[in-house]
Amino acid sequence: MAVGRAVSWLTLFMVLATCTVVLLRRGFDQGSIALQESVTYMHAAVFMLGAAYALKRDAQVRVDIFYRQFSRRTKAWVNSLGALVLLLPLSTFTGVISWDFVMDSWRIYEGSTDSGGLKGVFLLKSLLPLTALMLTLQGVASVLHNLLILMDVAGPEDAAS
C-alpha cells in the first residue's frame, strides 16, 4: 500500500518536472538534461513500482468481455491460472535475466551517457529485479487468496484478486 501511495505522489512530481522542462525550454530557451532524465526515471518508476500495486487492486488492463460475467469462483480460477501460467514464470524470468545486467551497472556505478545527466542509472536499472520480486510476491498472494475463494474460506466481500 505504501509503495502505491508513494508512486501516486511520484506522478505529481513527474508532471511538475515535465511542466518545468517545457517552461524552461519554451519560455527561457534553457534546457536541463538532468531534469529531462529525471522525468524519464520517474516515468519508469511509476510503471515498474506501480505494477504490483495495480495487480493487488485488480486495476491491471484486462480484456474482460467474458471475465466480468464470470462467477466469483470462475474468476478465481482464471486469476489463479493466469498468475501460475503467465505472471509467475514471466516475473521470475525477468528477475533472473536482469540480475547480471543490474549487477554490472552497480559495479561501475553507471551514470548517464549525456553530459549533465543524472548519475544514478544503476538505481533505475535496480527497479527491474525489484519489480519482478514485487510482482512475484503479489502473484503468490493472489493465488493464495483465490485458493481461499475456491475452498469457500474467503468471505463474500473479498474480491477475486
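Values in this text are rule-based calculations from the coordinates and carry no lab data. For clarity, every value in this text was computed on a predicted model and none was experimentally measured. Cβ sites come from the backbone with ideal geometry, for glycine too, and all protein chains shown count toward neighbours.
Quick notes on this structure:
- Helix axis angle, 33-56 relative to the chain longest principal axis, alpha carbon, degrees: 10
- Neighbour-count order for 55, 148, 135, fewest beta carbons within 10 angstrom listed first: 148, 55, 135
- What the phi angles of the stretch 107-115 give under the Karplus curve with 6.51, -1.76 and 1.60, with θ = phi - 60°, is a coupling list of 4, 9, 6, 4, x, 5, 7, 8, 5 Hz, glycine and proline written as x.
- Formal net charge of residues neighbouring residue 69 (Cβ-Cβ distance under 14 Å; K, R +1; D, E -1): +4
- Burial ordering of 11, 136, 113, fewest other beta-carbon atoms within 10 Å first: 113, 11, 136
- Dividing the Cα radius of gyration of the chain by 2.2 N^0.38 Å, with N the residue count, gives 1.30.
- Relative contact order for the chain, counting Cα pairs under 8 Å that sit 6 or more residues apart, in percent: 29
- Positive end of the dipole of the stretch 2-150 (Cβ unit charges, origin at the Cα centre): among 80, 121, 99, the Cα lying farthest that way belongs to 80.
- By the beta-carbon count within 10 Å of each Cβ, the least crowded to most crowded order of 43, 145, fewest first, is 43, 145.
- Each peptide in 123-134, 18-29 gets a packing score, the mean of other Cβ atoms within 10 Å over its residues, and the list from highest to lowest is 123-134, 18-29.
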